Amino acid sequence: MGLGFQSGGKLARYLAAGTNEELQMGGVSGLVDVPGPEAAQALLEHLADLSDHNRTLALDGLLRGEERRTLLLDAVAAKRVSAAMLGDVRRKALLETGSAALRRRARELLGE
């Protein structure tokens with residue numbers, strides 16, 4: 001991970017399973033605001049470790065920007081994130097916003 005991700009790397013340790021939910025929320029909230037793919041990857045790697053509320057925060061944060069949406073769709077393609085995990089609102093956002101190429105890829109992965 002690059003030098004710009006030093007703070008994000010410190011936050012990522014709070015995403016681990018078994019971490020106090022409030023500390024986990026702090027890690028998620030911080031990483032959602034850290035630019036760059038490393039922060040998004042850390043969120044994606046730990047989705048299964050997060051409480052339901054913190055997973056919702058992470059998934060909402062992964063909708064911010066084209067790069068994060070691309071990484072989220074990569075995780076869907078790799079079957080690390082399911083359409084059910086996304087929920088209807090985030091699924092709709094992926095299908096209806098962003099570049100034409102990103103919307104097309106969302107349709108291919110998530111259906112109409």
Can you tell me which residues in region 79-112 are closer than 15 Å to Thr56 by Cα and in a loop (DSSP other than H, G, I, E, B)? Val81, Ser82
List pairs: first in region 70-86 and under 10 Å from Leu110 (Cβ atoms) and without any contact (Cβ under 8 Å) to a residue 60 or more places away in the chain, second in a helix (DSSP H, G or I) and among the polar types (S, T, N, Q), Cβ under 9 Å, 6+ apart or cross-chain? none
Verdict on Glu45 being acidic (Asp, Glu), surrounded by fewer than 13 Cβ atoms within 10 Å (Cβ to Cβ) and at pLDDT 95 or above: no
Quickly run through region 48-73 and pick out the residues that are buried (at least 16 other Cβ atoms within 10 Å of the Cβ) and among the charged types (D, E, K, R). Arg55, Arg68, Arg69
Mind checking which pairs have a first residue in region 25-42 that is on the phi < 0 side of the Ramachandran plot and a second that is modelled with pLDDT under 95 and surrounded by fewer than 19 Cβ atoms within 10 Å (Cβ to Cβ), Cβ under 6 Å, 6 or more apart or different chains? Glu38/Met1
Please state which one of Leu102, Leu63 is within 22 Å of Val34 (Cβ to Cβ) and within 14 Å of the chain's Cα centre (by Cα). Leu63
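The values are calculated or read from the model by the stated rules, or taken from the named source; none is laboratory data. All values derive from a computational prediction rather than experimental measurement. Note: ideal-geometry Cβ built from the backbone for every residue, glycine included; neighbour counts use all protein chains shown.
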